[in-house]
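The values are calculated or read from the model by the stated rules, or taken from the named source; none is laboratory data. Computed from a predicted structure; not experimentally measured. When we count neighbours, we look across all protein chains shown, and the Cβ atoms used for this are built from the backbone with ideal geometry, even at glycine. Remember, those area values only see protein heavy atoms, side chains included, never the ligands or the DNA or RNA. Shrake-Rupley method; radii C 1.70, N 1.55, O 1.52, S 1.80 Å.
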Amino acid sequence: MCNILPPRRGRKGKGRGRPVTGGVLFSVRNVSKTFPGAAAPALSHVNLDIREGECLLIAGSNGSGKTLLMRIIAGLLEPGEGEVLFRGLPPDRQGGAIRRETGLIFQDADAQIVGETVEEDAAFGPANLGMSKAEIRERVDSALAAFGLEEKRLSPPRRLSGGEKRRLAAAGILAMGCSTVIMDEPFANLDWPGVVQTLETIRGLRDAGKTVIILTHELEKTLALAGRLVILHRGLIRDDGEPAAVLDRLDAAWGVRDPRRNYAEVKDCSWL
Ligand SMILES: Nc1ncnc2c1ncn2[C@@H]1O[C@H](COP(=O)(O)OP(=O)(O)OP(=O)(O)O)[C@@H](O)[C@H]1O
Ligand SMILES: [Mg+2]
């Protein structure tokens, strides 16, 4: 398991599009999922290799299968067909490694609160992993400091703002030493200061060497942070590659808007 704020591995340079040279962490192999009574599969023959240290955006319209794919990658849901290898190992040889090493930040930040105070909440994950009290304390202290939550450590998490709640979830993941963070719609219900805080949270996780997977339909906020963009539409991967190149090839039918296209005037938004 990695330590809090481990040194960057396999990286050359900072910023958007930087090369990632880490090994393959998750290998999604031919994953499909069909729910009973559904006319079409919710996920269909998805293949995706996610490398260590990568900052990956998975974009798609509502119902395209993003959350479902996240739950399957994180080991919360069995695929109907196919499998997810972790560090090259098939599910029966992973020994729960995916659950230990993958932290999730859900769309609904409130659903993740488990502690009465901020510090108790951040300590929950490390305590579940069986760490000693001294180690938990050290990790929680570092993680709360990393996300600027030291002054709130005795506050009830429910009183935090939306952006702070996501920072708290990120601090808990950092304290656990997870190698991967998956964020589902990290900007849902946030005002602009909350968006900025969340972007800083993502940058902090990325710069701490984490593999970061962001599921969103709001590309404009995260594009600058990501080195790769995957488009999901009706359960199928439609494109996968360097963000600018994927946007150049975007099909309007996929329901993802190219954030580089600005509305020139307010009247252009009149259809809203
Ligand atoms: N437990 C379930 N039972 C039946 N259908 C489901 C279940 N979970 C997901 N689905 C279906 O799978 C499809 C993909 O859902 P998913 O939640 O992954 O979409 P999404 O891309 O995350 O959408 P959003 O942007 O709205 O969050 C949807 O059609 C949804 O109705
Ligand atoms: Mg979703």
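Output the number of residues of the stretch 122-133 satisfying the condition of being open to solvent by less than 50 Å² (accessible area, probe 1.4 Å) and modelled with pLDDT of 95 or more.
From the stretch 122-133, those open to solvent by less than 50 Å² (accessible area, probe 1.4 Å) are 122-123, 125-126, 131; that's our starting set.
After this cut, where a residue has to be modelled with pLDDT of 95 or more as well, the list is 122-123.
Qualifying residue count for the region: 2.
I need a count of the residues in the stretch 74-121 that are open to solvent by less than 40 Å² (accessible area, probe 1.4 Å), away from ligand 1 (no atom under 16 Å from the Cβ), part of a helix (DSSP H, G or I) and touching a residue at least 12 places away in the same chain (Cβ under 8 Å).
Total meeting the criteria: 4.
Under 9 Å between Cβ atoms, at least 6 apart or on separate chains: pull out the pairs that start in the stretch 50-73 with a residue that is assigned to a helix (DSSP H, G or I) and end on any residue that is near ligand 1 (Cβ under 6 Å from one of its atoms) and open to solvent by 20 Å² or more (accessible area, probe 1.4 Å).
Cβ pairs passing all conditions: K66/H217; L68/A42.
Tell me, please, whether a residue that is without any contact (Cβ under 8 Å) to a residue 60 or more places away in the chain, within 30 Å of V140 (Cβ to Cβ), of a type in the set (A, V, I, L, M, F, W, C) and in contact with a helix residue (DSSP H, G or I) (Cβ under 6 Å, 6 or more places away or on another chain) can be found in the stretch 208-221.
no
Anything in the stretch 204-225 that is within 12 Å of the chain's Cα centre (by Cα) and away from ligand 2 (no atom under 16 Å from the Cβ)? List them, or say none. Walk me through it before giving the result.
At the first step, the residues of the stretch 204-225 found to be within 12 Å of the chain's Cα centre (by Cα) are 205-206, 210-216, 222.
Selection gives L205, R206, K210, T211, V212.
Against the definition (open to solvent by 50 Å² or more (accessible area, probe 1.4 Å) and within 16 Å of ligand 2 (Cβ to nearest atom)), how does T34 come out, yes or no? Outline the logic, then answer.
Values: open to solvent by 50 Å² or more (accessible area, probe 1.4 Å): yes; within 16 Å of ligand 2 (Cβ to nearest atom): no.
Criteria not met by T34.
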